[in-house]
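Enquirer: Below is one structure. I have some questions about it.
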Amino acid sequence: MSKETKIILDELNFTIGKLNQKEREGKELKESQYWYREGLKAARDIVLNVEKLANIF
């Protein structure tokens, strides 16, 4: 995994984790925060899939 990809994934995971922690503390996420987290998860999946494809070729 490239250094750049690792940095991107670390940032995505950090932000997703902050939102998850907020939810675990019993605070309900605003709808915009929920969808922001879902978008971050989708972005993380895309980065991982692109990395997999890059390793194939």
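The values are calculated or read from the model by the stated rules, or taken from the named source; none is laboratory data. Computed from a prediction, not measured in an experiment: that's the story for all the values here. Accessible surface is based on the protein model in full, side chains and every heavy atom, while ligands, DNA and RNA are left aside. Shrake-Rupley method; radii C 1.70, N 1.55, O 1.52, S 1.80 Å.
Enquirer: I'm trying to understand the selection: among the residues of region 23-51, which are open to solvent by less than 90 Å² (accessible area, probe 1.4 Å) and β-branched (V, I, T)?
Expert: The answer is V47, V50.
Enquirer: Continuing with this model, one more query. Can you pull out every residue in region 1-10 that is outside any helix (DSSP H, G or I) and open to solvent by less than 60 Å² (accessible area, probe 1.4 Å)?
Expert: Answer for region 1-10, where residues must be outside any helix (DSSP H, G or I) and open to solvent by less than 60 Å² (accessible area, probe 1.4 Å): just S2.
Enquirer: Then there is this: Suppose we filter N55, N20, N13 for residues that are open to solvent by 90 Å² or more (accessible area, probe 1.4 Å), on the phi < 0 side of the Ramachandran plot and part of a helix (DSSP H, G or I); which single one remains?
Expert: None of the others qualify; the one that does is N55.
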